[in-house]
Amino acid sequence: MPVAIIESLDYEGQGVAHVEGKTLFIEGALPGETVEYSSYRRKSKFEQAQTIRVLRESSQRVKPGCRHFGLCGGCSMQHLSPTAQTATKQRVLEDALWYLTRLKPDIIYPPVTGATWGYRQRARLSVRHVPKKGGVLVGFHEKRSSYVAVMDGCEVLPPAISQLIPDLKSLVARMSTPDRLPQIEISIGDHASEPLNVLVLRHLEALTPDDEAVLRAFADRHQVIWYLQPGGPATAHLFYPEDAPPLGYTLPDFGLTLHFSPTEFTQVNHGVNRILVRRAMSLLAPRPGERIADMFCGLGNFTLPIARSGACVVGIEGSKELVHRARANAGLNGLGSQCEFDVANLFDITQASLEALGNFDKMLIDPPRDGALALVKAIGETGPRRIVYVSCKPATLARDAAILVHEKGYRLKGAGIANMFPHTSHVESIALLERD
């Protein structure tokens, strides 16, 4: 069995080594370790491999908290201590800024962290009827596979939801067409200081009266709310109990409640999101009388805290459904007069169309993984003096920040990470850019 000495971690949490002039990316290996490995993909300049045996362990290695680690593809870093995970993600951000664009922030912000287990309040579980594996499977995909992992719990889900997985398998098995129920989406909200647990059942055929009775009994027994989704996300609708309260989450620092549909985008980690919003507001420092843009505003996660400061906010979002939700949330919180929302495709915005929105004192940008390339290119000489950029991919943050610094005259005042997804390689980050 070949042996390698691990030098570092890559951005996906794989150990990096060099053997005979070839770069190896080895799953399950940590810096400083000596491991035996087996390659599963070979190219001329690199190989991808998995750890077979650790011959010399890192002091940062810990016992994975989930018994399904290694089979399930949902987490890749459980064998690394939480503190080291955070440090690794900080390095990924700094490396992206420096090696991709030669940027160094003036300040590295302390990482935003929260609970490392039971934190995930949104998830999409796959459902498969596989008689050869004992019947119905409910869970995440196996690592590097489209197969659903055989699992009976998940440690990053709240315990009450994790414990439901065996019962969900039994429930699907009792349905009339278990092979036509491909997915159960989980969405958890806040209600009267208690969690509101919603399950969205994706079904490809109409349910029978007996199916509906099974779902009602399950909801009563486990205190969950069922939504049914016969088509795309927009078809999801409340099924039982009919008088269930709306889903929502709170931002207590700002006295806000935001409602959402279980299939609409919200952050999966409500605890870290609250801290991230607090930091974003501290960096943006909105003031009464200022006009501020919230680009990719979604359902108002940052828009409403900005409005709560007394500033006037313009929220721009590509989804008309999310814009409708954001307007409703502004009204729910008594902020409708301070918020304006518009539907626009920010991926093809131009300088002319941006300037048509009027002048902004400040701007918050919170794009998807593709970043905000067109938007940062569109910012002209009369653009905002301060930009807070919240990112879910360091490479696109680095690319966009480079344009703002090298072409638009901004300075990268600070940057840091938010560990929104502990035990995964996902890196959420926040940066502040300013110009005179």
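Taking the charge dipole of segment 15-118 about its Cα centre, with +1 at Lys and Arg Cβ atoms and -1 at Asp and Glu Cβ atoms, the residue from 52, 107, 83 reaching farthest to the positive side is 52. What the Cβ-Cβ distance of residue 44 and residue 406 gives, at R0 = 35 Å and to the nearest 0.05, is a FRET efficiency of 0.55.
Once Rh for the chain is found with the Kirkwood sum over Cα pairs, what is the Stokes-Einstein diffusion coefficient at 25 °C and 0.890 mPa s, in µm²/s?
Rounded, D is 104 µm²/s.
Volume of the convex hull of segment 295-345 (Cα atoms only), normalised per residue: 54 Å³. Shape summary of segment 235-315, radius of gyration then Dmax from alpha carbon positions: 14.4, 45 Å. Full extension of the chain between residue 170 and residue 1 gives 56.6 nm of extra length, using 0.36 nm per residue less the Cα-Cα distance.
Only DSSP H runs of four or more residues enter the estimate; each adds -39500 (n - 2.57), and after division by the residues of the chain the mean residue ellipticity at 222 nm equals -7500 deg cm²/dmol.
In this label model, residue 67 and residue 144 are separated by 2.6 nm, measuring between points 7 Å along each Cα→Cβ vector. Relative contact order of segment 122-248, please, whole-number percent, based on alpha carbon pairs below 8 angstrom and at least 6 residues apart. So the answer I get is 20 percent. Fully extending the segment from residue 55 to residue 361, taken as 0.36 nm per residue of separation minus the present Cα-Cα distance, adds 104.5 nm. Tell me, what is the percent relative contact order of segment 197-352, built from C-alpha pairs under 8 Å that lie six or more residues apart? With pairs under 8 Å counted, the relative contact order is 15 percent. Post the alpha-carbon centroid distance, segment 31-62 to segment 188-245, in whole angstrom. Cα centres, segment 31-62 to segment 188-245: 44 Å. Counting only Cα atoms, segment 3-61 measures 33, 21, 18 Å along its principal axes, largest extent leading.
Between amide H atoms placed 1.01 Å from N, distances below 5 Å from residue 61 occur with no residue 5 or more places distant or on a separate chain. With contacts taken as Cα pairs under 8 Å at a separation of at least 6 residues, segment 44-122 carries a relative contact order of 19 percent.
Computed over segment 122-248, the convex hull of the alpha-carbon atoms projects to a mean area of 8.0 nm². Shape summary: segment 352-436 maps onto an equivalent ellipsoid whose semi-axes, from the alpha-carbon gyration tensor, are 24, 13, 11 Å in decreasing order. Only Cα sites of segment 74-140 enter the Debye sum here, all with the same form factor; the resulting log10 I(q)/I(0) across q = 0.17 1/Å is -0.82, listed in q order.
Among the listed pairs 45/133; 45/408; 133/320; 43/143; 43/89, which have their C-alpha atoms separated by more than 31 angstrom in this model? Flagged as over cut-off: 45/133; 45/408; 133/320. For a Förster distance of 41 Å, can you work out the FRET efficiency between the beta-carbons of residue 10 and residue 282, rounded to the nearest 0.05? Calculated value: 0.80. Full extension of the chain between residue 435 and residue 163 yields a length gain of 92.8 nm, computed as 0.36 nm times the residue separation minus the alpha carbon distance.
Every number in this text was worked out from the coordinates using simple rules, so none of it is lab data. Not measured: the values here are computed from a predicted model. A quick note on method: Cβ atoms are made from the backbone with ideal geometry, for glycine too, and the neighbour counts reach across all protein chains shown.
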